[in-house]
Protein chains: 2
Amino acid sequence: MAVGLSAPGALLPVPGIKLATAAAGIRYQDRDDLVLIALTESTSTAAVFTQNAFCAAPVITAKKHLHETSPRFLLINSGNANAGTGRAGLEIAQLSCRAVAKEASVTPAAVLPFSTGVIGEQLLIEKINRNIPALFSSLNKSNWLSAAQAIMTTDTVAKGISRQVEIDGKKVTITGIAKGSGMICPDMATMLAFVATDAAVEKKLLQTCLQEIVGKSFNSITVDGDTSTNDACVLMASGMSEIQIKDDAALEIFKQVLAEVFIFLAQAIIRDAEGATKFITIQVESALNKNEAREVAYTVAHSPLVKTALFASDPNWGRVLAAVGRAPVDQLDIAKVDFNLGDICVIRGGEPAPDYTEEKGQEILQEDEVLLRISLGRGPESATIWTSDLSHEYVSINADYRS
Amino acid sequence: MAVGLSAPGALLPVPGIKLATAAAGIRYQDRDDLVLIALTESTSTAAVFTQNAFCAAPVITAKKHLHETSPRFLLINSGNANAGTGRAGLEIAQLSCRAVAKEASVTPAAVLPFSTGVIGEQLLIEKINRNIPALFSSLNKSNWLSAAQAIMTTDTVAKGISRQVEIDGKKVTITGIAKGSGMICPDMATMLAFVATDAAVEKKLLQTCLQEIVGKSFNSITVDGDTSTNDACVLMASGMSEIQIKDDAALEIFKQVLAEVFIFLAQAIIRDAEGATKFITIQVESALNKNEAREVAYTVAHSPLVKTALFASDPNWGRVLAAVGRAPVDQLDIAKVDFNLGDICVIRGGEPAPDYTEEKGQEILQEDEVLLRISLGRGPESATIWTSDLSHEYVSINADYRS
């Protein structure tokens with residue numbers, strides 16, 4: 001189903017990070033749905049969370065705990081978002097942290113909880129508690145792939161990637177996993193993503209790296225414009241590689257590889273978007289500023305009429321223009337607007353390009369991966385975002401059962 | 001197909017206004033697709049148009065002509081929007097005005113052109129020109145219903161309404177027609193709507209009335225968030241009833257009846273929205289200001305996840321909360337948020353209402369017409385908007401053929 005994406009092969013262990021999974025039966029039968037990630041004591045952790053005002057109980061708890069101390073454990077469940085669950089939900093998030101903390105003899109604030117799944121149903125704490133001992137006994141550095149599988153909800157393939165890079169003659173490993181397929185329009189971060197490295201990076205610098213890279217990866221994708229209540233993205237640096245990232249040259253290499261990992265995971269979410277049959281890149285160029293470029297890109301990406309035309313492989317470019325025209329851009333001069341479908345120019349200077357033909361447009365839209373390039377002719381800034389089309393399958397997934 | 005809407009029975013003639021229709025074969029076969037409306041010389045005309053930067057050639061032309069002189073004719077075609085057609089399209093709009101003007105011996109600026117249909121294809125001027133004489137010879141005050149039918153595109157039923165009211169002991173008639181089913185998120189006005197009255201209203205006052213009423217009718221509906229390139233709403237006052245509207249008491253009665261007509265037509269567009277199976281009213285209360293109330297209402301109305309849940313009659317209220325939570329409201333305190341599904345309280349003070357059950361929610365969603373009521377607990381302002389659900393039929397209509 002996913003567009004140009006298959007399940008990851010091997011994911012490389014990251015020294016200092018161990019993982020375990022269990023089948024707690026929270027919503028799904030016959031599959032793992034609970035993950036414990038244990039971080040060695042030297043680990044720095046950075047995180048970004050949803051900006052949704054109705055943020056979930058685990059998000060509230062994780063933010064509070066991160067503020068109090070350095071995390072040693074991440075506890076993640078799928079199948080239930082523990083969102084819209086009021087004070088009772090908050091207590092359950094706290095109880096789950098206490099259960100992990102008790103088993104490991106650490107403070108509950110050293111445990112960060114994460115949940116993903118249906119909103120508005122209470123999570124049963126017993127299902128979590130009774131699996132804690134088994135999780136601890138199966139912690140292993142090689143469990144990244146099973147963790148990627150256990151956090152899936154409407155995802156059709158597990159999402160993960162590993163990269164290794166040499167810095168100052170020493171090998172640094174980065175491995176990351178993510179989940180997400182619907183309710184995707186991240187604001188600060190997307191659904192759940194966990195990325196770890198064995199480089200040593202001081203917490204403040206790690207947070208800066210994370211925020212910078214999230215902007216051009218998870219914060220540049222959308223499936224349906226619906227920002228989740230549970231978005232969270234965590235970056236962990238165990239320091240076990242004995243590479244300390246601080247000076248500029250090493251930091252640039254590190255950030256570049258980190259960005260590759262993040263962009264791969266963000267794109268993986270779009271490739272596996274609910275009902276997606278196409279992977280769409282929207283590039284907006286020569287905007288007055290970055291924000292304007294992003295606004296235009298998102299207006300096009302969220303248009304149901306553009307998305308259904310893409311699903312139909314119909315080069316109905318009038319719908320793209322209509323979306324550009326209603327984007328919140330002050331004094332757009334359409335006589336300066338160009339629009340390209342892949343390599344083909346459709347609109348030049350606001351006028352239909354004389355050499356464009358319906359057949360050329362059709363040919364490009366037959367592909368699984370399509371580039372829409374819009375030039376505003378206003379300034380030097382650009383933005384790229386990724387999105388999916390709107391298919392019958394999208395409606396089925398979201399109407400036929402509760403996700 | 002339309003939710004709680006059938007075609008209008010009789011539409012009342014408005015003294016001073018005559019209409020004619022013709023089958024020009026612009027896109028559709030075996031139906032009328034061209035309308036001429038002739039206004040008596042004493043008519044005042046007010047109009048509002050799309051704010052889309054890529055506005056259509058007829059919109060540009062109509063705005064220019066309105067500025068120059070008082071309109072005597074409206075020429076409307078369906079099947080082709082004459083949008084995204086560059087300078088050539090602009091010339092065709094002007095040529096069509098010239099053809100009408102020549103037949104009637106008036107200046108071309110006294111003709112306003114309107115088009116609706118597919119974007120990005122050139123309109124053939126010959127198809128229009130050769131029907132002008134026939135249109136003139138069949139001008140008749142009783143042709144409102146055939147005009148309502150001739151302006152339809154993906155509409156499944158014609159939309160029209162008449163009201164009569166006594167003002168100062170004299171009878172005033174208001175008759176209006178509209179079309180629109182997709183690409184509906186009006187910004188100043190919606191698709192095409194033409195409303196006429198025989199009251200005498202000075203142009204400036206008429207424009208003020210129009211703008212005030214459009215705000216709570218056509219500017220309070222959305223199907224897909226896509227503002228059209230061709231939106232236009234025209235209000236004509238022929239003055240033939242000998243009622244001059246100016247003093248406050250008469251103006252209030254007139255505006256109230258006018259608002260009824262506009263709200264009926266705006267709601268008719270939503271009842272006949274592409275693929276609609278439900279008519280949804282979203283009411284946002286106790287907001288800090290009007291704009292905030294509207295932003296929250298539109299965020300919920302545009303959420304594909306909320307719209308698919310409504311299609312499924314699934315009381316998946318977590319999706320509504322998630323939409324409220326991501327709406328652009330500064331410092332929303334969720335502890336003050338209430339959410340009602342019809343008469344049933346689902347969320348009270350940000351917490352699940354203890355007396356709410358899934359069965360109660362289910363029962364309300366079985367209905368064709370559903371009210372979502374959200375209270376923000378922040379201030380005195382409220383807003384009501386109307387929208388439709390997102391069904392398989394919506395995807396079919398917009399993916400299976402070009403509209």
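The values are calculated or read from the model by the stated rules, or taken from the named source; none is laboratory data. Keep in mind that what you see is a predicted model, and the values were worked out from it rather than measured. Backbone-built Cβ (ideal geometry, glycine too); neighbour counts: all protein chains shown.
Summary table
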item: Selected residue (only one of A:Pro71, A:Pro15 is more than 14 Å from every other protein chain (Cβ to nearest Cβ) and either buried (at least 24 other Cβ atoms within 10 Å of the Cβ) or closer than 18 Å to A:Ile128 by Cβ (or both)); result: A:Pro71
item: Qualifying residue in the range A:275-294 (condition: touching a Pro at 6+ places or on another chain (Cβ under 7 Å), at pLDDT 95 or above and not small (Gly, Ala, Ser)); result: no
item: Restricting the range A:295-321 to residues that are of a type in the set (D, E, K, R) and crowded, with 22+ Cβ neighbours inside 10 Å, the residue that is modelled with the lowest pLDDT; result: A:Arg319
item: Residue match in the range A:274-286 (condition: of a type in the set (Lys, Arg) and touching a helix residue (DSSP H, G or I) at 6+ places or on another chain (Cβ under 8 Å)); result: yes
item: Members of the range A:311-321 that are facing chain B (nearest Cβ under 9 Å) and either among the charged types (D, E, K, R) or not in a loop (DSSP other than H, G, I, E, B) (or both); result: A:Phe311, A:Asp314, A:Trp317, A:Gly318, A:Arg319, A:Leu321
item: Evaluation of B:Lys360 against (1) in contact (Cβ under 8 Å) with a residue 12 or more places away in the chain; (2) among the charged types (D, E, K, R); (3) within 12 Å of chain A (Cβ to nearest Cβ) (one fails), failing number; result: (3)
item: Selection count, the range A:89-119, where residues are farther than 18 Å from B:Tyr356 by Cβ, within 12 Å of chain B (Cβ to nearest Cβ), aliphatic (A, V, I, L, M) and in a strand (DSSP E or B); result: 0
item: Matching residues, the range A:213-227, being within 14 Å of chain B (Cβ to nearest Cβ) and in contact with a strand residue (DSSP E or B) (Cβ under 6 Å, 6 or more places away or on another chain); result: A:Thr222, A:Val223
item: Subset tally (residues that are under 17 Å from B:Leu206 (Cβ atoms) and either of a type outside the set (A, V, I, L, M, F, W, C) or assigned to a loop (DSSP other than H, G, I, E, B) (or both)) for the range B:225-254; result: 12
item: Conditions (1) within 14 Å of chain B (Cβ to nearest Cβ); (2) over 17 Å from A:Asn129 (Cβ atoms): number failed by A:Gly79; result: (2)
item: Among (1) modelled with pLDDT of 85 or more; (2) in contact with a His (Cβ under 8 Å, 6 or more places away or on another chain); (3) more than 27 Å from A:Val35 (Cα to Cα) - the single one A:Gly225 does not satisfy; result: (1)
item: Options A:Glu369, A:Glu358, A:Glu363; residue that is more than 22 Å from B:Gly84 (Cα to Cα) and surrounded by fewer than 20 Cβ atoms within 10 Å (Cβ to Cβ); result: A:Glu369
item: Filter pass, B:Ala335 being in a helix (DSSP H, G or I), within 12 Å of chain A (Cβ to nearest Cβ) and under 23 Å from A:Arg87 (Cβ atoms); result: yes
item: Any chance B:Glu351 is surrounded by fewer than 24 Cβ atoms within 10 Å (Cβ to Cβ), facing another protein chain (nearest Cβ under 10 Å) and in contact with a Gly (Cβ under 9 Å, 6 or more places away or on another chain); result: yes
item: Residue match in the range B:78-85 (condition: touching a helix residue (DSSP H, G or I) at 6+ places or on another chain (Cβ under 8 Å), assigned to a loop (DSSP other than H, G, I, E, B), among the β-branched types (Val, Ile, Thr) and surrounded by 24 or more Cβ atoms within 10 Å (Cβ to Cβ)); result: yes
item: Failed criterion for A:Ile132 (all others in (1) over 17 Å from the mean Cα position of the chain (by Cα); (2) buried (at least 18 other Cβ atoms within 10 Å of the Cβ); (3) under 30 Å from B:Gly350 (Cα atoms) hold); result: (3)
item: Which numbered condition B:Gly86 fails, given (1) under 21 Å from the mean Cα position of the chain (by Cα); (2) without any contact (Cβ under 8 Å) to a residue 40 or more places away in the chain; (3) within 14 Å of chain A (Cβ to nearest Cβ); result: (1)
item: Only listed residue being surrounded by fewer than 18 Cβ atoms within 10 Å (Cβ to Cβ) and of a type in the set (Ser, Thr, Tyr), chosen from B:Ser396, B:Ser382; result: B:Ser396
item: Number of positions in the range A:153-164 that are within 17 Å of A:Val118 (Cα to Cα) and buried (at least 23 other Cβ atoms within 10 Å of the Cβ); result: 1
item: Subset of the range A:294-309 (residues that are touching a residue at least 40 places away in the same chain (Cβ under 8 Å), within 9 Å of chain B (Cβ to nearest Cβ) and not polar (S, T, N, Q)); result: A:His302, A:Pro304, A:Lys307
item: Failed condition for A:Asn230, given (1) within 14 Å of chain B (Cβ to nearest Cβ); (2) more than 30 Å from A:Leu305 (Cα to Cα); result: (2)
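A quick yes/no check of all residues on (1) outside the structural domain of A:Leu123 (by TED's automatic domain parsing); (2) of a type outside the set (S, T, N, Q); (3) modelled with pLDDT under 95; (4) closer than 27 Å to B:Glu351 by Cβ:
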site: A:Ala2; (1), (2), (3), (4): yes, yes, yes, no
site: A:Ala23; (1), (2), (3), (4): no, yes, no, no
site: A:Asp30; (1), (2), (3), (4): no, yes, yes, no
site: A:Ser42; (1), (2), (3), (4): no, no, yes, no
site: A:His67; (1), (2), (3), (4): no, yes, yes, yes
site: A:Ser70; (1), (2), (3), (4): no, no, yes, no
site: A:Phe73; (1), (2), (3), (4): no, yes, no, no
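The rows are residues; the columns are (1) surrounded by fewer than 23 Cβ atoms within 10 Å (Cβ to Cβ); (2) more than 10 Å from every other protein chain (Cβ to nearest Cβ); (3) assigned to a helix (DSSP H, G or I).
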position	(1), (2), (3)
B:Ala266	no, yes, yes
B:Ile270	no, yes, yes
B:Ile282	no, yes, no
B:Glu292	yes, yes, yes
B:Ala323	no, no, yes
B:Gln331	yes, no, no
B:Ile347	no, no, no
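For every residue, the table says whether it meets (1) closer than 30 Å to B:Val300 by Cα; (2) more than 17 Å from the chain's Cα centre (by Cα); (3) crowded, with 18+ Cβ neighbours inside 10 Å; (4) without any contact (Cβ under 8 Å) to a residue 24 or more places away in the chain.
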{"residue": "B:Glu202", "(1), (2), (3), (4)": "no, yes, no, no"}
{"residue": "B:Glu212", "(1), (2), (3), (4)": "yes, no, no, no"}
{"residue": "B:Lys216", "(1), (2), (3), (4)": "yes, no, no, no"}
{"residue": "B:Asp226", "(1), (2), (3), (4)": "yes, no, yes, no"}
{"residue": "B:Thr229", "(1), (2), (3), (4)": "yes, no, yes, no"}
{"residue": "B:Leu235", "(1), (2), (3), (4)": "no, no, yes, no"}
{"residue": "B:Ile243", "(1), (2), (3), (4)": "no, yes, yes, no"}
{"residue": "B:Ala249", "(1), (2), (3), (4)": "no, yes, no, yes"}
